[in-house]
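Contents: one structure, followed by commentary.
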Amino acid sequence: MKPRAEIALAWVTLKEGMRERAFMGIMTFALLLLIASGVIADLSIGNILKVTQDLGLSAVSFTGLLLAFFMGTHLIAKDLDKRSIYMVLSKPMGRGSYIAGKYGGLVALVGLSLAFITLFMLVATFYFYKTSRLYFPPQIAWGKLVLASIFIFLEASLILALSVFFSSFASSPLLALFLTLAVYLVGESTHQVSEILHSPLGQRTSPVLKALAMGAFYIFPDLSLLDLKAAAVHNLPLPPLRLMKTALYAICYILALLILATFIFKKREMK
Amino acid sequence: MQAALRIEDLTKHYKKGLREKIVALRGLSLEVHQGEILGLVGPNGAGKSTTIKIIMNLLFPTKGRVEIMGINARSPKAREHLGYLPENPSFYDHLTGEEFLLFTGRLLGMEGNEGREKAWELLRMVRLEDAGRMAIRKYSKGMAQRLGIAQALMGDPRIVVMDEPMSGLDPIGRAEVSQLILSLKKQEKTIFFSSHILHDVEAICDRVGILVEGRLTYLGTPSRIVSTPTWLLKIEGDYRGILREKGLTHATMVGRITQVEIQEDELWEVMDAVRGCNLPIYSLEKRRCSLEEIFAKEVGSETAG
């Protein structure tokens with residue numbers, strides 16, 4: 001059976017998202033950030049190309065995060081608030097199809113935006129590479145830059161899944177946004193906390209605190225695994241197996257969140 | 001013949017805080033026959049929208065069940081037979097009317113030209129063919145309502161459920177929607193709708209259900225209610241006390257006239273009593289109760305009870 005309803009909903013979500021003022025604002029901001037990063041890199045004392053790549057990838061990451069946080073919670077909340085969801089759920093489709101369609105549209109929106117910003121970043125890097133007056137211009141790992149952007153997209157997709165999950169039961173978009181932000185902050189730091197706990201410093205930590213921190217490490221997504229920015233800019237080795245495992249981890253986490261969201265949303269009443 | 005829509009002992013409680021609960025529906029049971037128009041009327045908070053949302057699986061019953069063409073309403077399969085117009089329909093308003101209907105068609109599994117042809121057929125039917133390529137955000141309330149009806153009919157459903165289809169419309173808009181509903185009946189569709197505009201219900205429904213505080217207090221033809229005759233007895237002067245002694249407790253004063261409404265089967269008994277007391281009868285008029293009066297009476301008796 002073709003997922004026609006899901007695709008139709010994803011398409012409408014994508015179109016709706018692209019017409020949102022918040023989306024246009026974020027995209028304009030991202031482009032300005034990229035242009036500014038070129039100017040800042042030009043003024044820097046260090047290697048202009050490394051600074052350009054670093055700032056460019058940061059701009060891509062920042063755009064992905066902003067879009068995931070705001071569009072994820074906003075577009076579902078808008079459906080519930082304006083009650084346009086009634087028109088969709090009254091059709092012979094399950095609540096799971098709604099979650100899948102909405103998530104699909106949001107991922108497409110973020111994916112297309114990140115692809116555009118990445119392309120802009122690569123063009124800017126290429127321009128600086130060609131016009132640089134360095135005696136020994138470093139080799140730019142173009143493939144790793146693209147790979148880093150793909151992993152930024154994976155991270156944004158995971159945050160979108162989090163926002164869909166929280167929107168499936170939160171009574172207000174602000175609450176969903178706050179919960180997503182909280183999980184993001186925890187997810188960004190669990191890896192470091194785990195490393196500290198496994199270091200000699202961790203021996204002095206109380207067992208209860210240690211158990212809590214390790215519990216958080218296993219429950220919350222380890223978002224630092226998806227950050228390849230430094231490796232791409234400094235051309236560090238990226239073992240394919242590690243990349244595949246990381247991607248699989250993110251995809252499994254996303255699927256688990258969407259299944260949970262569906263389960264909760266099936267029980268949600270549309271008052 | 002199988003009922004198009006069967007509601008059995010439907011009860012719905014809403015939680016209010018930790019302990020309190022609001023009872024929205026109390027054991028509502030009714031059947032809507034195929035091809036009929038049934039209007040559910042009641043004041044705000046009577047449970048009309050709750051009933052419709054349970055039919056559409058937007059809310060879940062605390063007790064009881066709903067069947068659509070013999071299928072449990074909880075199943076998506078049941079909604080293949082249903083078209084739904086929510087109260088104050090809201091759309092993805094960056095889309096045009098045509099795009100929205102095509103989107104609805106895709107949700108229903110329609111492909112390519114099939115959806116486009118159906119969309120334009122419906123746009124013509126609801127007289128929106130000139131606005132089909134206009135963004136929905138530019139539509140007037142009446143146009144949006146008609147587009148809402150068109151999307152409800154996209155999958156050619158056998159049953160159309162509408163929540164307050166005439167609310168917020170001007171008299172012309174209401175007449176247009178009434179005509180549309182009547183034209184759907186000609187297409188042998190079953191219509192179930194809620195309204196608090198009793199005149200509209202009276203004019204287009206085959207049967208009417210009156211819902212008061214979650215209870216169905218009347219279910220029958222509007223003509224049966226309207227044609228039940230009553231008599232209005234007017235007596236010159238204030239004779240409420242005497243009438244009260246005769247069991248007519250609902251006598252009222254209008255100016256210098258005492259007025260009392262009498263049921264047809266009580267007429268001769270009351271008249272004998274009044275004549276026996278030599279009261280100055282001003283007039284005796286036969287009258288028909290409008291649906292508004294029946295409705296007010298039902299609300300009154302429920303509240304008193």
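The values are calculated or read from the model by the stated rules, or taken from the named source; none is laboratory data. This is a predicted model, so every value here is computed, not measured. Note that each Cβ is placed from the backbone with ideal geometry, even for glycine, and that neighbours are counted across all protein chains shown.
Of note:
- Residue-level analysis places B:M134 among those that are modelled with pLDDT of 95 or more and under 25 Å from A:L14 (Cβ atoms).
- Selection over region A:160-180 of residues that are surrounded by 17 or more Cβ atoms within 10 Å (Cβ to Cβ) and in a helix (DSSP H, G or I) gives a count of 13.
- A single member of B:R127, B:R137, B:R116 is assigned by TED's automatic domain parsing to the domain that holds B:L58, at positive phi and surrounded by fewer than 19 Cβ atoms within 10 Å (Cβ to Cβ), and it is B:R127.
- Summed over region A:1-22, the residues that are in contact with a helix residue (DSSP H, G or I) (Cβ under 6 Å, 6 or more places away or on another chain) and either basic (K, R) or more than 12 Å from chain B (Cβ to nearest Cβ) (or both) give a count of 2.
- Checklist (1) in a loop (DSSP other than H, G, I, E, B); (2) in contact (Cβ under 8 Å) with a residue 60 or more places away in the chain; (3) within 22 Å of A:L9 (Cβ to Cβ) applied to B:N44, failing item: (3)
- Verdict on A:L9 being under 17 Å from the mean Cα position of the chain (by Cα), closer than 23 Å to B:H94 by Cβ and touching a residue at least 24 places away in the same chain (Cβ under 8 Å): no
- Any chance A:S194 is out of contact with any strand residue (DSSP E or B) (no Cβ under 8 Å at 6 or more places or on another chain), modelled with pLDDT of 95 or more, part of a helix (DSSP H, G or I) and under 25 Å from A:P237 (Cα atoms): no
- Qualifying position, being more than 14 Å from chain B (Cβ to nearest Cβ) and over 30 Å from A:A232 (Cα atoms), among A:T52, A:T73: A:T73
- Of the helices (runs of 4 or more DSSP H) contained entirely in region A:203-271, not one carries at least 1 residues that are among the acidic types (D, E).
Condition check ((1) in contact with an Asp or Glu (Cβ under 9 Å, 6 or more places away or on another chain); (2) modelled with pLDDT of 90 or more; (3) exposed (fewer than 13 other Cβ atoms within 10 Å of the Cβ)) across all residues:
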position	(1), (2), (3)
B:I225	yes, no, no
B:P229	yes, no, yes
B:I242	no, no, no
B:T258	yes, yes, no
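Residues checked against (1) farther than 22 Å from B:A4 by Cβ; (2) buried (at least 21 other Cβ atoms within 10 Å of the Cβ):
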{"site": "B:P61", "(1), (2)": "no, yes"}
{"site": "B:R65", "(1), (2)": "no, no"}
{"site": "B:R79", "(1), (2)": "no, yes"}
{"site": "B:N88", "(1), (2)": "yes, no"}
{"site": "B:E99", "(1), (2)": "yes, no"}
{"site": "B:G105", "(1), (2)": "yes, yes"}
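- Subset of region B:169-216 (residues that are part of a loop (DSSP other than H, G, I, E, B) and touching a residue at least 40 places away in the same chain (Cβ under 8 Å)): B:E188, B:K189, B:H196, B:C205, B:D206, B:E213, B:G214
- Some residue of region A:22-43 being crowded, with 18+ Cβ neighbours inside 10 Å, within 17 Å of B:Y92 (Cβ to Cβ) and among the hydroxyl-bearing types (S, T, Y): no
- First in region B:14-29 and in contact (Cβ under 8 Å) with a residue 24 or more places away in the chain and more than 14 Å from chain A (Cβ to nearest Cβ), second anywhere and among the basic types (K, R) and surrounded by 10 or more Cβ atoms within 10 Å (Cβ to Cβ), Cβ under 7 Å, 6 or more apart: B:R26/B:R215
- Hey, A:M87 in contact with a helix residue (DSSP H, G or I) (Cβ under 7 Å, 6 or more places away or on another chain), within 14 Å of chain B (Cβ to nearest Cβ) and among the hydrophobic types (A, V, I, L, M, F, W, C) or not: yes
- Failed item in (1) within 14 Å of another protein chain (Cβ to nearest Cβ); (2) modelled with pLDDT under 90; (3) touching a Gly at 6+ places or on another chain (Cβ under 7 Å), with B:G173 passing the rest: (1)
- Screening region B:187-214 for residues that are more than 24 Å from B:D156 (Cα to Cα) and not aliphatic (A, V, I, L, M) and picking the one that is surrounded by the fewest Cβ atoms within 10 Å (Cβ to Cβ) gives B:H199.
- Scanning region A:22-57 for residues that are part of a helix (DSSP H, G or I) and of a type in the set (G, A, S) yields A:A22, A:G25, A:A30, A:A36, A:S37, A:G38, A:A41, A:G56.
- Some residue of region A:82-98 being of a type in the set (A, V, I, L, M), farther than 30 Å from A:A124 by Cα and surrounded by 24 or more Cβ atoms within 10 Å (Cβ to Cβ): no
- For region B:3-26, filtered to residues that are surrounded by 14 or more Cβ atoms within 10 Å (Cβ to Cβ) and of a type outside the set (A, V, I, L, M), the residue that is nearest to A:E269 (Cα to Cα) is B:Y14.
- Of the strands (runs of 3 or more DSSP E) lying entirely inside region B:56-168, those containing at least 1 residues that are of a type outside the set (S, T, N, Q) and facing chain A (nearest Cβ under 9 Å) span B:82-85, B:159-163.
- Checking each residue in region A:216-271 for being of a type in the set (K, R) and more than 30 Å from A:K78 (Cα to Cα) picks out A:K229, A:R242, A:K245.
- Any hit, region A:115-128, residues being crowded, with 17+ Cβ neighbours inside 10 Å and within 30 Å of A:R268 (Cα to Cα): no
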